[in-house]
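Reviewing the structure listed below.
The values are calculated or read from the model by the stated rules, or taken from the named source; none is laboratory data. These numbers come from a predicted model, not from an experiment. All Cβ positions, even for glycine, are placed from backbone atoms using ideal geometry, and neighbour counts span all protein chains on display. Quick note on the areas: whole protein, heavy atoms, side chains included, nothing else; ligands and nucleic acids left out. Shrake-Rupley method; radii C 1.70, N 1.55, O 1.52, S 1.80 Å.
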Amino acid sequence: MLKLPDDFILGGATAAYQAEGATKEGGKGPVAWDEFLEKQGRFSPDPASDFYHQYPEDIKLCEKFGVDSIRLSIAWTRIFPDGVGEVNQEGVDYYHRIFAECQKRNITPFVTLHHFDTPKALFDKGDFLNRDTLEAFVNYAEFCFNEFTEVRNWSTFNEIYPVATNQYLLGVFPPSIKSDFTSIIQCLHNMMVAHAMTINLFKENNYPGEIGVVHSLETKYPASDSEEDRHACFLDDALSVRFLLDATYLGYYSEETMRAIDEICKKNGATYEFLDNDFEVMKKASKRNDYLGINHYQCHFVKAYDGETMIHHNGTGDKGTSVYKVKGIGERIYKEGLKRTDWDWLIYPEGMYDILMRIKQDYPHYNKIFITENGMGYKDEFEDGVIMDKPRIEYLKVYLEAISKAITDGVNVKGYFLWSLMDLFSWTNGYNKRYGLFYVDFETQKRYPKESAYWYKMVSETKTII
Ligand code: BGP
């Protein structure tokens with residue numbers, strides 16, 4: 001049986017828009033998702049898990065089940081309904097109440113400033129493609145650092161790569177644009193500049209506590225040993241992993257990274273604009289990250305592909321329906337014999353181990369790592385209040401084992417946040433893709449601990465992966 005260090009954090013993760021509900025309550029301003037989901041008509045972000053009202057219950061459950069930290073995000077539009085300008089005191093008070101509840105239950109909050117929810121007022125003017133949004137973000141962050149002095153663990157952004165590609169490649173996030181590589185690259189870069197500006201502000205003002213960024217890092221492997229497949233893998237990895245790690249820890253993009261980006265841009269007729277001053281800001285910030293948050297659920301096997309972009313996003317749980325072929329990059333394929341979820345997410349814990357070892361090797365001053373999301377989307381069966389989610393326990397076990405091995409091999413991983421604390425709303429899948437330790441009856445908002453919650457409690461108390 002593998003062990004985790006005694007001081008290893010075992011937490012639960014959430015995000016404001018996916019948990020809170022109450023999208024029109026408490027003076028909250030709109031985000032692009034409100035209108036997008038309404039038009040799409042598949043599911044609504046209300047009531048989600050009603051964390052807006054149920055937070056005392058959820059934080060109490062954390063205490064009861066050995067979940068010693070909670071990852072949550074602040075909804076920017078609860079603080080600044082229009083993104084800038086007037087402060088909404090009701091929103092400020094709400095987050096103070098949450099942090100007070102955390103303190104009462106001895107649960108440490110890890111707070112993300114932006115989790116896919118740019119204020120609509122700024123989104124409509126180009127989101128992070130518009131440099132004014134960078135400034136607005138830094139001002140919002142500064143307000144939070146001054147106001148929420150109870151918080152000691154901050155993250156700037158959640159998952160910059162999925163923001164860029166879901167918005168401008170797959171089109172499954174608003175503004176639903178497809179295959180626009182100019183916007184993809186610019187969005188990745190601009191968000192990294194905003195991250196760097198925020199880190200610099202945090203450090204130059206000596207705010208107490210620590211700050212980092214959360215990246216989605218899905219390990220890529222070539223589908224075969226052929227030179228073509230290895231090259232496709234190199235390109236996919238450069239755009240989704242390397243570009244952001246270079247920005248975070250080098251403060252510039254390495255020659256090899258830019259070779260890949262330029263090749264992708266050329267094939268897709270895309271351009272980008274990086275300013276000299278951006279790199280000054282990024283360079284300064286590159287030595288100031290206290291930690292890296294890694295969201296890791298799956299990995300990809302990549303094959304060479306010569307055609308036009310063809311993507312089908314499996315947002316329904318119909319196994320085997322995913323298609324991912326991208327012009328100028330490659331095709332992500334199913335690998336025979338490997339397990340995957342109903343949403344076609346490949347279960348391959350070696351990917352977790354490999355990404356951790358790579359960071360240690362390629363970016364040796366990474367400081368420390370938190371796994372800020374990992375978990376299994378599953379169609380839980382609810383029978384008389386009992387949820388036996390064995391496949392989820394098996395998933396969590398193999399991934400925690402991979403983390404434990406990486407720690408033994410010298411990677412400084414300090415904690416793990418299971419996605420998700422309770423069932424919540426999933427951006428492109430709605431409510432039947434459940435991840436929680438606690439089952440939520442979305443009609444009554446009653447919580448039911450799943451079998452995995454009892455298992456997680458045992459792991460947290462014994463630091464043994466049973
Ligand atoms: C990450 C996001 C989360 C969450 C999770 C699961 O990308 O940070 O917000 O949604 O993935 O993804 P999904 O809900 O699509 O299954």
Can you tell me which residue is nearest to MET282 (Cα to Cα) among those in region 178-199 that are open to solvent by 10 Å² or more (accessible area, probe 1.4 Å) and part of a helix (DSSP H, G or I)?
MET197
Yes/no for VAL413 being under 20 Å from the mean Cα position of the chain (by Cα), open to solvent by less than 20 Å² (accessible area, probe 1.4 Å) and of a type in the set (Val, Ile, Thr):
yes
Within region 289-363, strands (runs of 3 or more DSSP E) holding 1 or more residues that are buried (at least 21 other Cβ atoms within 10 Å of the Cβ)
291-295, 300-303, 323-326, 330-333
ILE347 is checked against (1) within 28 Å of ASN268 (Cβ to Cβ); (2) within 16 Å of the ligand (Cβ to nearest atom) and fails just one. What number does that condition carry?
(1)
Please go through (1) within 16 Å of the ligand (Cβ to nearest atom); (2) in contact with an Asp or Glu (Cβ under 9 Å, 6 or more places away or on another chain) for TYR448 and return the number of the only condition it doesn't satisfy.
(1)
Pairs returned, first residue in region 389-408 that is under 19 Å from THR462 (Cβ atoms) and aliphatic (A, V, I, L, M), second residue that is assigned to a helix (DSSP H, G or I) and open to solvent by 10 Å² or more (accessible area, probe 1.4 Å), beta-carbon separation under 7 angstrom, 6 or more apart or interchain, are ILE393/GLU451; ILE393/TRP455; ALA402/GLU350; ALA402/TYR353
Selection within region 364-386 - closer than 22 Å to LYS339 by Cα and assigned to a loop (DSSP other than H, G, I, E, B)
GLY375, MET376, GLY377, LYS379, ASP380, GLU381
Criterion: of a type in the set (Ser, Thr, Tyr) and under 26 Å from LYS24 (Cα atoms) - qualifying residue of THR108, THR149, THR112:
THR112
Step by step: first the residues of region 420-441, then only those that are charged (D, E, K, R) and either closer than 21 Å to ASP318 by Cα or near the ligand (Cβ under 10 Å from one of its atoms) (or both), then the one that is surrounded by the fewest Cβ atoms within 10 Å (Cβ to Cβ). Which residue is that?
LYS433
